[in-house]
Structures are given as structure tokens and as C-alpha cells.
1. Can you give me the Cα centroid spacing of region 587-602 and region 406-427 in angstrom?
2. Could you give the nm distance between label points at residue 701 and residue 431, where each point is 7 Å from its Cα heading toward the beta carbon?
3. Expressed in nm to one decimal, what extension gain is obtained for the pair residue 237 and residue 96 from 0.36 nm per residue of sequence separation less their Cα-Cα distance?
4. At a 10 angstrom cut-off on C-beta neighbours, averaged per residue, how do the peptides 693-705, 558-570, 212-224 rank from highest to lowest?
5. Please list 604-613, 195-204 highest first by mean number of surrounding beta-carbon atoms within 10 Å per residue.
6. Tilt of helix 661-692 relative to the longest C-alpha principal axis of the chain, in degrees (0 to 90, nearest 10)?
7. With axes computed from alpha carbons, what is the tilt in degrees of helix 446-465 against the longest principal axis of the chain, rounded to the nearest 10 within 0 to 90?
8. How far apart, in nm, are two points set 7 Å out from the Cα along the Cα-to-Cβ line at residue 515 and at residue 562?
């Protein structure tokens with residue numbers, strides 16, 4: 001803002017005078033500022049209220065679903081053996097349960113190592129003389145580890161973890177701890193050596209044990225003992241081909257790419273079929289092209305077709321085409337009736353094509369469909385065959401060259417590809433143990449890979465034939481390795497056996513967590529309706545509704561703030577902060593007073609809640625049927641006339657002394673109570689959805705007030721205020737210039753007077 005120094009000569013308070021002169025403009029500007037401020041407060045009030053309406057709307061949406069009503073509760077006679085939870089699908093009553101086995105995780109507690117073994121100790125220091133080859137087999141496959149003499153204990157832990165099992169070395173207790181990631185037989189692991197140094201390494205680390213999983217791993221290797229080197233090489237080369245890229249003939253990737261190409265082609269073919277079929281139906285509906293000249297020559301017929309082609313052209317005609325159209329029309333001289341008929345048919349076809357060739361298509365898709373359009377149009381041209389030609393193009397799956405025939409052929413080829421892919425994946429999985437031990441990515445020749453495999457196969461055969469070599473751990477040695485064998489959980493529910501890798505077993509709505517074996521004894525599970533859970537759900541919904549409807553009623557019936565307007569900065573300077581806050585709160589409290597939109601939303605909610613519904617049992621219910629009522633508008637406290645009270649609710653002093661009809665109804669017939677409240681909340685949800693479920697020109701989606709309209713009004717105020725601010729500034733500048741000119745004139749007069757006085761004084 002410019003700094004002005006005025007009134008120096010005249011002695012006038014120029015600033016005050018100017019402000020008085022422009023006060024009419026300032027007052028006008030302040031009027032719009034105040035109106036915008038009130039609108040801003042109104043928007044804030046609606047935003048806050050809208051959040052609460054949305055919350056109730058979402059809760060009503062949840063309560064439409066049966067899953068929202070917690071109806072079941074379950075107890076177990078011995079919670080040290082099992083715990084049980086029930087979903088809404090669980091049957092009521094008592095059931096018998098036996099825990100025959102609890103699920104266990106495969107676990108190795110390593111043998112006690114010497115005191116000097118730490119995480120930094122190398123395998124060479126433990127006595128391993130060469131590279132140790134170890135295989136870790138899990139549900140996801142076999143991974144091979146190679147450990148050198150310089151590998152440390154910490155390196156071993158890291159490699160075991162990378163192979164898919166849990167591992168840790170406890171330096172304090174000097175033991176390894178190795179386990180599967182999850183419980184159950186299917187999740188067990190095998191830790192086997194695939195050369196002599198591997199056995200030495202496992203023994204020195206204290207984790208060399210014999211179990212069924214290890215036996216199975218060695219047996220899997222030994223199964224290849226009968227294969228010649230040439231057969232092993234063929235397996236490796238076959239898998240290498242199957243795992244090639246899309247350019248490798250016979251690879252899975254190549255088959256997948258072929259299927260993808262055929263699916264794309266089918267999409268285009270299907271578009272052709274749909275277009276041609278729709279166009280055929282359209283032509284049959286509107287008839288053939290109107291004939292302008294009967295028994296005309298071939299040239300005349302061609303002119304008619306060209307005229308119709310121009311009329312049906314999708315793109316805007318060029319100047320030359322427009323001239324050609326007028327020339328053809330003049331030459332053919334159609335009657336008004338014939339011309340109108342031709343234009344009508346042309347507009348129908350153009351509308352059809354415009355709908356098909358819409359802006360959502362890619363350029364390639366548009367080109368494809370435009371080509372189809374030309375093919376179809378040509379079919380209806382002179383000698384084209386019309387509908388018969390369309391049927392020939394579309395065809396069926398018995399005509400290979402037709403569009404439908406090509407789709408059928410592609411589908412058959414895709415199915416054949418899927419079968420090949422499945423077979424090739426099965427082949428890869430069947431021999432995964434070989435490729436994981438000698439991967440193709442190690443840049444070795446096939447012969448070198450076979451040599452690696454032959455060594456591992458021979459070693460496994462030796463372990464199978466000489467089990468004493470790897471079964472030398474003494475199970476009675478307290479310092480030796482200990483094995484916990486993986487085990488599935490096995491339970492009997494009502495005499496039927498169920499098995500699971502996890503101790504959590506779900507049967508018909510019951511989730512049973514097995515904790516201990518019952519040793520043949522039965523324990524009982526009792527399931528019943530959870531009346532209190534459903535009661536609390538309904539009570540929570542009504543509480544939220546009551547709080548919202550009371551707030552809305554309070555806002556609607558607020559006391560008038562007539563005479564109160566937002567304060568200007570000058571007005572605020574004359575008041576204390578507390579006075580300002582009190583003044584503005586008076587306006588804010590009444591900002592939605594007698595608001596029509598608020599009244600509409602309130603009526604929507606109260607009407608939805610007052611509805612009656614006929615249930616599947618043929619009886620009609622309302623909230624009052626379950627002891628849920630309002631006090632009535634005149635009996636209730638101020639702004640509480642629409643609030644509902646539950647008879648017997650201990651938290652409600654108004655209705656706590658009445659008999660609890662709702663809880664009794666739930667205990668007697670919970671299904672009917674649930675059905676009623678599902679219909680009630682569904683009705684409330686639908687009514688609110690109708691008010692705010694979609695965006696309009698006046699409000700956004702999920703908004704109960706005209707936020708778009710208000711925002712536009714707010715923006716308009718901003719523009720108007722800016723204009724009036726500019727007017728005020730312009731008028732200030734105008735008057736300041738006038739006073740400045742006056743000051744300049746006075747200054748000159750004063751100077752002249754002083755000069756004259758000087759002259760007179762001198763003489």
C-alpha cells in the first residue's frame with residue numbers, strides 16, 4: 001500500500017475525509033464480505049453435519065446385511081483343550097469334540113556345540129575339509145546350498161533362511177534351532193546332505209538327524225539311479241526348452257503368447273459379429289435403401305448408392321463431397337417423400353455407427369471396426385448379397401472361414417495350448433529336484449550338469465542302501481540333536497474326523513482351536529443365540545440416529561440471530577475477544593435455522609424410521625412392536641421429539657423402568673427381529689441414497705446439501721468483493737489526487753504570498 005503524506009499545507013485530516021467520501025463504496029463491499037462470511041460458516045456447518053449423516057448412512061448399509069448381527073455365542077466345557085468361536089451359520093445346541101492330535105511344526109534342536117563356537121566360527125575350524133553340498137526341501141521345492149571352509153556359522157543361518165526355513169544359532173546355549181515356517185505334515189522340511197562334506201558339515205553343526213522327510217528326500221534322488229546320462233541330459237534339455245522365452249518353439253511362454261494373440265483376434269472377431277448382426281437387424285427393420293428412380297440404368301443405380309453413401313458418411317463432408325451430394329440430388333430429382341425417407345434411413349444408420357465408433361476406442365480398434373463397417377456396407381451394395389452375405393461372413397462354428405468359425409478354431413487352439421502348458425508345468429515340477437541342483441543359469445554345459453546330478457544321485461543311493469551311515473545320532477544323548485516331527489491336527493466332531501495342518505479348524509460355522517489332546521475323552525461345545533450381542537448392535541444404531549436427529553432438530557429450531565451480522569475488522573477492534581466469540585457464535589448457532597434442505601433430510605429420516613414391515617412370518621411390525629418409541633413431540637424435552645427410547649434400557653432414564661420387549665423378542669425369535677431391522681435399515685439406507693447417492697449439478701455424490709451451488713455462490717462473492725475493493729481503491733486514488741492538487745495550489749499560493757510580503761516589507 002502506498003504511503004501518503006497529506007494535509008501538510010491545508011491542515012485538513014485528508015485520510016478521514018477520503019474515507020468518508022468513499023464510505024458508500026466501502027459499505028457495499030463490506031455487505032458482500034459479510035454475506036460471504038455467513039455462507040462460509042453455513043458451508044462449514046453443513047460439512048460437519050454431512051459427515052454424521054454419512055456415518056449413519058454407512059451404518060444402515062452394514063445393518064442391511066445379516067453378517068452385522070452377532071447372533072451366536074459358543075462355550076467349550078474344557079478351555080484348556082480347545083477354544084471355539086461361532087459365526088452366524090453355526091447351529092444351536094451341544095456338540096461333542098475329541099482332540100486326537102494337535103498340529104506340530106517340524107523342529108530340530110541342534111546338538112550341544114563346544115564353548116568356542118560362535119557366529120563367526122568357520123566350517124573349516126569345525127573340521128569340514130571341502131565344499132559341503134546341502135539340500136533344503138520344503139513344500140515349495142528343493143533349494144541347494146553350497147558351503148565352503150570359510151563359511152561362518154552366521155553364513156549357514158542366512159543360507160538356511162534363504163532356502164525357506166527358520167534358523168538361528170543361540171551363542172549362549174551353543175545350539176542351532178531349525179524349523180519349518182508352518183505346522184503340519186505338508187509344511188515339513190528335509191535337511192539333507194548331497195555329498196560327504198555335506199554330512200560332515202551337518203554333523204559338526206549338530207543338526208544331522210534322520211527322519212521320514214530326510215528319507216523321502218534321499219529316495220527322490222535315488223529314483224533317478226536307473227536313468228542313463230543321456231536320459232538325464234534329455235530331461236534337462238527338455239525343461240530348458242519349456243522354460244524358454246516367447247521366441248523359443250515349444251516353450252510355455254510361446255504357447256501363452258499364442259493364446260494371448262488368439263484372444264485378441266477373438267475380441268476383434270466378436271466385434272465384427274456383433275456389428276454385422278446388429279447392422280443386419282437394423283437393415284431388416286428400416287428396409288432396403290429407397291429407390292429414387294424406378295428401372296434406372298446401372299449408372300443411375302450407382303448414383304443412388306453414392307448419394308446414400310454420402311448421406312450415411314460418419315465424418316463431416318468435405319466441400320467437394322457436399323457439392324457432389326447436391327449434384328447427385330439434382331440429377332436424380334427425388335420427390336420430397338423419397339428424399340425424406342432416404343434422409344431418415346441415413347440418420348438412423350449414422351446414429352448406429354456413431355454409437356459403435358465412439359471416443360473410447362483406440363485408433364487400432366477404430367480402424368478395425370471401420371474396416372468391418374465397409375465390409376458390411378459392401379455386402380448390401382448392388383450384387384453384394386445383402387443379408388445372405390452377412391450370414392455368410394458371420395457363419396457358425398461349422399464354417400471355418402467365417403468369423404464365428406474362426407472364433408471356434410481359436411478357442412480350440414487356446415484349450416489345446418492350456419493342456420500343453422499344464423503338462424509341461426507338471427513335467428517341470430516332476431523333475432524340479434534336478435534343475436534346482438544343476439540350474440541352467442550356471443553357464444555349465446549339459447554334460448557338466450549331468451555330472452553334478454550323477455554325483456548327487458550316487459550319493460543318495462549310498463545313503464538309502466547304508467542307513468547306518470546317517471542314522472548315527474543317539475536319541476538318548478541329552479546333548480545330542482532332538483527332532484520334533486511335523487504332525488497334523490486331528491479332531492473328531494460328532495464322531496466325524498477332520499484333519500488340518502493348522503490347529504485352527506473350521507467346520508460348519510465353528511472355528512475350533514486345538515490346544516491339547518483329550519486322550520479319547522469327549523468335551524462339549526454349546527452354541528446358542530447371542531441375544532445381548534444383537535441387542536447392543538441395535539442399541540448402537542439407535543443411539544447414533546438419536547444423536548444426529550437431535551442435533552438436526554436443534555439446528556433447525558435455533559433461536560433467531562436477527563440483527564447480528566459478521567463483524568468487520570473495524571468493528572472487531574472495538575470489542576474484546578470474548579465479545580467477538582460470543583457475537584459470532586450467536587450467528588453460527590442459527591446458521592441452519594429453518595433451512596429447507598435440512599427439513600427435507602430430517603423428514604426423510606423420520607419417515608423411514610416410522611415405517612412398518614410385513615415379515616416372512618406374515619406378521620407386520622414397527623419399532624413400537626419391540627418397545628422402541630418416541631415420547632411424542634409435545635411430551636419430549638426440547639428438540640428430542642424424534643428420538644427413540646428402548647423400553648427397559650438401563651442407560652435411558654425415560655424408559656428404563658419399562659419391560660424390556662426388545663431383548664425378550666430377540667431371545668424368543670431372533671430371526672424375526674433381525675429380519676425387521678434389516679428391512680428398516682435397508683429402507684433408511686435407500687431413502688438417504690436417493691438424496692445423496694449420486695452427483696447432480698447442485699451437489700456432489702454422498703452429499704446431502706447443495707455444496708456445488710454454495711461453492712459457486714462463494715466464488716461469485718469473491719469476484720464481486722474484488723470488484724468493489726477495486727472501486728474503493730479507484731475512488732480513494734481519485735480523491736487523493738484532488739486533495740493533492742489542492743495542496744499543490746495552496747503551496748504555490750503560500751509561496752507567492754510569502755514573496756509578495758517580502759517585497760512589501762523590503763519597500
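Bear in mind these aren't lab numbers, they're just calculated from the coordinates by the rules spelled out. Note that the coordinates shown come from a computational prediction; the quantities given were computed from them, not determined experimentally. We place every Cβ from the backbone using ideal geometry, glycine too, and count neighbours over all the protein chains shown.
1. Each part reduced to its Cα centre gives a spacing of 66 Å.
2. Taking the simple label geometry, residue 701 and residue 431 are separated by 5.4 nm.
3. The residue 237-residue 96 span can extend by a further 45.1 nm.
4. Ranking the peptides 693-705, 558-570, 212-224 by packing returns 212-224, 693-705, 558-570.
5. Highest to lowest by the protection proxy: 195-204, 604-613.
6. 50 degrees
7. 60 degrees
8. 7.2 nm
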